[in-house]
1. Quickly run through region 198-208 and pick out the residues that are surrounded by fewer than 17 Cβ atoms within 10 Å (Cβ to Cβ) and not acidic (Asp, Glu).
2. Among the candidates ARG140, ARG224, single out the residue that is of a type in the set (D, E, K, R), within 23 Å of ALA119 (Cα to Cα) and at pLDDT 95 or above.
3. Looking at region 257-297 only, could you name the residues that are closer than 30 Å to GLY76 by Cβ and surrounded by fewer than 10 Cβ atoms within 10 Å (Cβ to Cβ)?
4. Is there any pair linking a residue in region 273-290 that is at negative phi and outside any helix (DSSP H, G or I) to one that is surrounded by 10 or more Cβ atoms within 10 Å (Cβ to Cβ) and not hydrophobic (A, V, I, L, M, F, W, C), with Cβ under 6 Å and at least six apart or on different chains, and which?
5. For region 229-243, how many residues meet the condition of being more than 19 Å from PRO184 (Cβ to Cβ) and modelled with pLDDT under 95?
6. Here are ASP97, ASP90: which of them is farther than 28 Å from THR276 by Cβ, acidic (Asp, Glu) and at pLDDT 90 or above?
7. Which condition does ASP233 not pass, out of (1) in a strand (DSSP E or B); (2) over 17 Å from VAL174 (Cα atoms), if it passes all the others?
Amino acid sequence: MRASVQMQDFSTHRRGEDGASRRASQTFVYLRFLPTFVFLLLLFLPAAAHAQEGGTSILNFYSDPTDRHNILVPAGWENVSTDGVRLVNDVLGAQIDAFALRGDVEARLAEWAPEAIDAPELELLQQADVQLTTGEWTQRLYKLPASDTRALTVFSQRIDDVEYVITFSAREPVFAFVVPLDSPLADAAGASAVVDAGAAALGLDATREGELTDEQVGATTWYRQGMRVGADDYLALVRRSGELTADIIIGPAGAVTPDDAVALTVVRDFFLTPETTNYLVLGLVAAFAVLGVFVVSLIVRRRNLRRDEAVLREVMAQEVMR
């Protein structure tokens, strides 16, 4: 009878210890699993879009699903992209196209122009390499005979084996392009030299009308120079855009506005989505490796618990026999 009471007390005591042990073990398992859960959450959680805060405007980009390039969609421009990027602005009478190609740029432009901008013929006015914030670009200026489109500015940049091309076409003969400088643009004299370089690039036989002036548009100082090209009044707008670059817009006086520089902003905001496939594979391997270690640890702990259980049963059996 005494042995029976002792056995019951021992069993009750062991059950209490086993219950506490199981609760502690479960808590430990949950804590061990928490870092894995957090890791997987961070791995698969998509990056959240930046929300608008404090009145800061949100930049809208179009991402090409095939060639990974991203193009800024400026305010007031309509995104009508289908095969490649296409943005249009009916107020400016302008169109921005962007595409990636593998091959000769000139040949591709000759095939692209008749359909895209109704220009059966391209007459190259100037080609130059310009250094921008997004690297070195080749800049081409075209005149378009026998076409309703009167001006075409093309920027192209080769990255690996792909040539990325951004074009700006306008119904009016308005050209917006970059002029490389030997020294930073700091005053009206420097702006005057940019006007001369811009007119020469377009092959314009221009005479100046009036003095070069400057005006503040937002945070940008624009220099204005009236010109006479044949019987037409032209206007040149110049601004500093980099340490050794200036932006210039040249065209008929009634058609030129600072908004025509938007194509240059698009080029400067161009970027490629990083190729992250290798990192994805590495992350998946790491995740499954962590899960594998976790599963193995569960199996090992289960075996240890079974062994401990067998030892306890043996001890209990010996107590009963005493």
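The values are calculated or read from the model by the stated rules, or taken from the named source; none is laboratory data. Here the structure is a predicted model, which is why all the values come from computation and not from measurement. Note: ideal-geometry Cβ built from the backbone for every residue, glycine included; neighbour counts use all protein chains shown.
1. ALA200, GLY203, THR207, ARG208
2. None of the others qualify; the one that does is ARG140.
3. PRO274
4. Within 6 Å, the pairs are THR273/ARG68.
5. 4
6. Step by step, each of ASP97, ASP90 is checked, and only ASP90 is farther than 28 Å from THR276 by Cβ, acidic (Asp, Glu) and at pLDDT 90 or above.
7. Result: ASP233 fails condition (2) only.
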